[in-house]
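S.K.: First the structure, then my questions, so here it is.
The values are calculated or read from the model by the stated rules, or taken from the named source; none is laboratory data. All of these numbers come straight from a predicted model, not from anything done at the bench. Quick reminder, even Gly has a Cβ in these numbers, built from the backbone with ideal geometry, and neighbours come from all protein chains shown. We work out accessible area using only protein heavy atoms, side chains counted, and drop any ligands, DNA or RNA first. Shrake-Rupley method; radii C 1.70, N 1.55, O 1.52, S 1.80 Å.
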Amino acid sequence: MRNVRVVTVGASNAGPKSNITPDRAELLLNVRTYDTAVRRRVIASIERIVRGECEAAGTPKEPTFEYFDQFPLTVNSEAVNDTITEAVQEATPATASDRGLSYEIFRCGSGIRSRS
């Protein structure tokens, strides 16, 4: 559970038109992990991959990396999680799969509860 990681590509921007080779590209990622060591490994892997792609493409400049919007993990109390779980289950008496929907309630620190 502690090794879970999610990397979301939020935006990829390069060049103004399809027939113009851009002189730069911007990739915006969001990284979510439960463990700071896992986060460091994920970020190091992203940097290694980007550097490797730049080298393979023969880019004249080294890539630059900017980090922002970094916040510590929020750990909800078990009591709060139980209250929210109960409220969601009461608000959706039919099972989510009966309606073709799914939802998950994450409880950090003590595993994941999910219903789908």
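S.K.: Sort out for me the strands (runs of 3 or more DSSP E) sitting completely within the chain that have 1 or more residues that are at pLDDT below 75 and within 20 Å of the chain's Cα centre (by Cα).
M.R.: It comes to 103-106, 112-115.
S.K.: Just to verify a result, which residue in region 1-12, among those that are free of Cβ contacts under 8 Å to residues at least 40 places away in the same chain and open to solvent by 80 Å² or more (accessible area, probe 1.4 Å), is nearest to Asn76 (Cα to Cα)?
M.R.: Restricting to residues being free of Cβ contacts under 8 Å to residues at least 40 places away in the same chain and open to solvent by 80 Å² or more (accessible area, probe 1.4 Å), the top hit is Arg2.
S.K.: Between a first residue in region 35-55 that is open to solvent by less than 40 Å² (accessible area, probe 1.4 Å) and a second residue that is aliphatic (A, V, I, L, M), which pairs have beta carbons less than 6 Å apart while being 6 or more apart in sequence or on different chains?
M.R.: Final answer for the pair search is Val42/Val31.
S.K.: What are the residue pairs meeting all of these: first residue in region 57-79, first residue under 25 Å from Glu26 (Cα atoms), second residue open to solvent by 90 Å² or more (accessible area, probe 1.4 Å) and at pLDDT 90 or above, Cβ atoms under 7 Å, and 6 or more apart or on different chains?
M.R.: Pairs that qualify, where the first residue is under 25 Å from Glu26 (Cα atoms) and the partner is open to solvent by 90 Å² or more (accessible area, probe 1.4 Å) and at pLDDT 90 or above, are Pro63/Arg51.
S.K.: Another question, then. Just the residues that are charged (D, E, K, R) and open to solvent by 90 Å² or more (accessible area, probe 1.4 Å), please, taken from region 71-93.
M.R.: Glu78, Glu86, Glu90
S.K.: Based on this model, can you work out whether Val31 counts as at negative phi and either in contact with a strand residue (DSSP E or B) (Cβ under 8 Å, 6 or more places away or on another chain) or touching a residue at least 12 places away in the same chain (Cβ under 8 Å) (or both)?
M.R.: yes
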